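Each remark here refers to the structure printed beneath this line.
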Amino acid sequence: MTENPTEDRSPLAEAAPAPDLSRIIKAYDVRGEAGTELTEEVARALGAAFADFLDPKDMVIAHDMRLSSPQLSRAFADGAVRRGATVAFAGLSSTDQLYCTSGLHQAAGAMFTASHNPAPDNGIKMCLPGARPISRSTGLAQMQAQAEAYLASGEIPEVPGGRSQDLDTLEDYVATVLRLVPVPGRRPLRVVVDAANAMAGLTVPAVAAHLPFLDIVPLYFELDGTFPHHEANPLDPENLKDLQAAVLREGADLGLAFDGDADRCFVVDEQGRGVNPSAITALIAQREIARARAAGEETPAVVANLVSSRHVQEAIEAAGGRRVRSQVGHSLIKALMAENSAVFGGEHSAHYYFRDFFFADSGMLAALHVLAAMEESDGTLSALFAAHDPYTASGEINSRVADAAAARERVRARMQDLPGVQIDDLDGMTVTHWDESADAEENWWFSLRSSNTEPLLRLNVEAAAPETMERVREEVLAIVRGESEWTEPGPEPAAQAAQEPAPEPAADLAPAPASEPAAAAPLPSRADVVGGSALPDWVRDVLRCPQCGSALDLEAARVRCRDQGHEFAIHDGIPVLIEGRESEERPASEGGLRS
């Protein structure tokens, strides 16, 4: 390690009006536009505040490949050292690599990354020693107040004894993940990996070097914070097309796509179809339960959030485990895992958490589990996961509403008197109508949650039969959106379209992230719609090209899809997406929700 002494100087140039960092300090991390919202001065003040919060003041700082990350992370380290901290500066790293270092060294951590966000953004993911999470209620609010005070005064008083050292963490990370998930190497596998010019371009080659039976076909492994090929956001179907095409072109056994900081991994099968993250949760849960039981644990616990497929609980129980239900949110899941000593945790958003990895999430460990399961089988990936995806899901559907609570109560009023219905309010509202002795067409459930940042209600529906899912989905959406009936069918939701084979455009492998609708980019505002059409917000949120499933641009004369360029006319201000046919009003679902 090379020691880097810090100059004795005040890093904040001059006193400023009282700042407000609430725009960039979120519930669980820091996120904002680099250079305007998240500046070097702000990073320096946050580093000082983080050091003040810690006792002892030991921390590891790392960063991703974004253009602003080296400067911001060095400024953060400068502020921390000025307040007496001992900093191990790890440089380029994935987020799970930083968590691994925090756990191995029992030091706090700060990772500079904006994950899957666009190139101009940056952020900070902080953790306590042992990779324990920090949220607004457990420290971020206190750090915000202290950083704002430093910025307002224009000075960070120096505390003697601070120092910085460089630390190479990649070798320990590789050894740790391969120890936790050994991959047997019974047969050769061809694997296409899309690193999106992001941090998997560093970690995947380092791990694969120890797995000679893998034939890795690399896509975009060069680290480039401008994301020249596509954004490092596998949630957007546009960003999966290259991977899907390469899997088919190369005759690969599977494909892997990582997000910007490589803490999430998305899987594509040999047919170019996305694998449902709930199916991956079920597979890994059974493997981790089996390992824990072999070590003498009687009923290992697994944490899964409420939006995960019903099959996840069935798979956990079939393996001899116990499911712990969780609200959505990584800090909540990590806390529940620690409380229950859960061996594994999974989210519908493709975050996978491992007890033996300091309860932290790791895209690499999830990928290794999938590879190990393939090595232990003789079939294809689609065959491996066929048993773990028995139900039909809607994916996450966002509805923009004026009063989320009132809309949710309308749904409750409609549901609560149906025979056989159970309602709970752990995370929003979950309504379940499921009886194993009944016909499959009668079994369904849905979750309805409010967004923390926008006036949105997020709906997830799952059913034993596709037609039941569609019926429940449409009736619930009609209630949420204040419609007396469902009038016009739209394209299949993204999570359903993800099951279609390439080269058809891929759809979301996971529901939309908490802060964004599922569309690849926002549609125009109501005022921008041709002819002043008063299309409701929810219609604009779900409109897709009926031929290829991509998002639509509403232009002056015609509607154009963003992927294939299909064009559709506009009549009386309304896009006509099925040309050559007179518009037909679709009747309401027959019989409503069946009891």
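The values are calculated or read from the model by the stated rules, or taken from the named source; none is laboratory data. Every value quoted in this text rests on a predicted model; they were computed, and no experiment measured them. Here Cβ is always computed from backbone atoms with ideal geometry, including for glycine, and neighbour counts include all displayed protein chains. Side chains included, ligands, DNA and RNA excluded: accessible areas come from the protein's heavy atoms. Shrake-Rupley method; radii C 1.70, N 1.55, O 1.52, S 1.80 Å.
Suppose we filter Gly420, Gly395, Gly379 for residues that are open to solvent by less than 30 Å² (accessible area, probe 1.4 Å) and not in a helix (DSSP H, G or I); which single one remains?
Answer to the selection: Gly395.
If you take the residues in segment 335-354 that are among the aliphatic types (A, V, I, L, M) and open to solvent by 10 Å² or more (accessible area, probe 1.4 Å), which one is farthest from Glu288 (Cα to Cα)?
Ala335
With Glu488, Glu483, Glu436, Glu454 as the choices, which residue is in a loop (DSSP other than H, G, I, E, B), under 25 Å from the mean Cα position of the chain (by Cα) and at pLDDT below 95?
Glu454
Show the residue pairs meeting these rules: Cβ distance below 8 Å; 6+ apart or different chains; first residue within segment 203-225 and closer than 13 Å to Met364 by Cβ and among the charged types (D, E, K, R); second residue open to solvent by less than 20 Å² (accessible area, probe 1.4 Å) and part of a loop (DSSP other than H, G, I, E, B).
none
Find all pairs meeting these conditions: Cβ atoms under 6 angstrom apart; at least six residues apart or on different chains; first residue within segment 174-187 and open to solvent by less than 50 Å² (accessible area, probe 1.4 Å); second residue part of a helix (DSSP H, G or I) and of a type in the set (Asp, Glu).
Note: pairs meeting the criteria are Leu180/Asp356; Val183/Glu375.
In the list His348, His330, His311, which residue meets the criterion of being touching a Phe, Trp or Tyr at 6+ places or on another chain (Cβ under 7 Å) and at pLDDT below 95?
His330
Among the candidates Ala315, Ala372, Ala335, Ala367, single out the residue that is closer than 22 Å to Arg136 by Cα, part of a helix (DSSP H, G or I) and touching a residue at least 60 places away in the same chain (Cβ under 8 Å).
Being closer than 22 Å to Arg136 by Cα, part of a helix (DSSP H, G or I) and touching a residue at least 60 places away in the same chain (Cβ under 8 Å) holds for just one of Ala315, Ala372, Ala335, Ala367, which is Ala335.
When only residues in segment 318-332 that are touching a strand residue (DSSP E or B) at 6+ places or on another chain (Cβ under 9 Å) and in a helix (DSSP H, G or I) count, which is least open to solvent (accessible area, probe 1.4 Å)?
Filtering segment 318-332 for residues that are touching a strand residue (DSSP E or B) at 6+ places or on another chain (Cβ under 9 Å) and in a helix (DSSP H, G or I), the one least open to solvent (accessible area, probe 1.4 Å) comes out as Ser331.
Among the residues of segment 76-97, how many are within 28 Å of the chain's Cα centre (by Cα) and outside any strand (DSSP E or B)?
Number of matching residues: 7.
Filter segment 146-173 for residues that are of a type in the set (A, V, I, L, M, F, W, C) and touching a residue at least 40 places away in the same chain (Cβ under 8 Å); which is farthest from Asp78 (Cα to Cα)?
Only one residue fits best here, namely Leu170.
Counting only residues that are over 21 Å from the mean Cα position of the chain (by Cα) and either part of a loop (DSSP other than H, G, I, E, B) or among the hydrophobic types (A, V, I, L, M, F, W, C) (or both), how many does segment 382-392 have?
Of the residues in that region, 6 qualify.
If you take the residues in segment 52-64 that are crowded, with 24+ Cβ neighbours inside 10 Å and touching a residue at least 60 places away in the same chain (Cβ under 8 Å), which one is farthest from Asp166 (Cα to Cα)?
Among them, the one singled out is Asp64.
Scan segment 73-85 for residues that are within 30 Å of Ala200 (Cβ to Cβ) and either in contact with a Ser or Thr (Cβ under 8 Å, 6 or more places away or on another chain) or open to solvent by 10 Å² or more (accessible area, probe 1.4 Å) (or both) and jot them down.
Within segment 73-85, Arg74, Ala77, Asp78 meet the criteria.
In segment 273-286, is there at least one residue being of a type in the set (Val, Ile, Thr) and surrounded by fewer than 23 Cβ atoms within 10 Å (Cβ to Cβ)?
no
Tell me, yes or no, whether segment 224-247 has at least one residue that is hydrophobic (A, V, I, L, M, F, W, C), within 16 Å of Asp64 (Cβ to Cβ) and open to solvent by less than 10 Å² (accessible area, probe 1.4 Å).
Scanning segment 224-247, I find at least one residue that is hydrophobic (A, V, I, L, M, F, W, C), within 16 Å of Asp64 (Cβ to Cβ) and open to solvent by less than 10 Å² (accessible area, probe 1.4 Å), so the answer is yes.
Restricting to segment 425-447, give me the number of residues that are open to solvent by less than 50 Å² (accessible area, probe 1.4 Å) and of a type outside the set (S, T, N, Q).
Residues flagged as open to solvent by less than 50 Å² (accessible area, probe 1.4 Å) and of a type outside the set (S, T, N, Q) within segment 425-447 amount to 12.
List the pairs whose first member sits in segment 432-460 and is without any contact (Cβ under 8 Å) to a residue 12 or more places away in the chain and under 20 Å from Ala478 (Cβ atoms), whose second member is open to solvent by 70 Å² or more (accessible area, probe 1.4 Å) and in a helix (DSSP H, G or I), and whose Cβ atoms are under 9 Å apart, counting only residues at least 6 apart or on separate chains?
Hits for this filter: zero, empty list.
Going by the conditions given, is Ala90 at pLDDT 95 or above and in contact with a Phe, Trp or Tyr (Cβ under 8 Å, 6 or more places away or on another chain)?
So Ala90 does not fit the description; no.
Could you tell me which residue of segment 416-433 is farthest from Pro277 (Cα to Cα), considering only residues that are at pLDDT 95 or above and among the aliphatic types (A, V, I, L, M)?
Per the stated criteria, the residue is Val421.
Here's the yes/no breakdown for (1) polar (S, T, N, Q); (2) free of Cβ contacts under 8 Å to residues at least 40 places away in the same chain; (3) touching an Asp or Glu at 6+ places or on another chain (Cβ under 7 Å):
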position	(1), (2), (3)
Leu243	no, no, yes
Ala246	no, no, no
Asp259	no, no, no
Phe266	no, no, no
Gly272	no, no, no
Asn276	yes, no, yes
Ala282	no, no, no
Glu288	no, no, no
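Restricting attention to segment 193-216, which residues are more than 21 Å from the chain's Cα centre (by Cα) and open to solvent by less than 20 Å² (accessible area, probe 1.4 Å)?
Val207, Leu211
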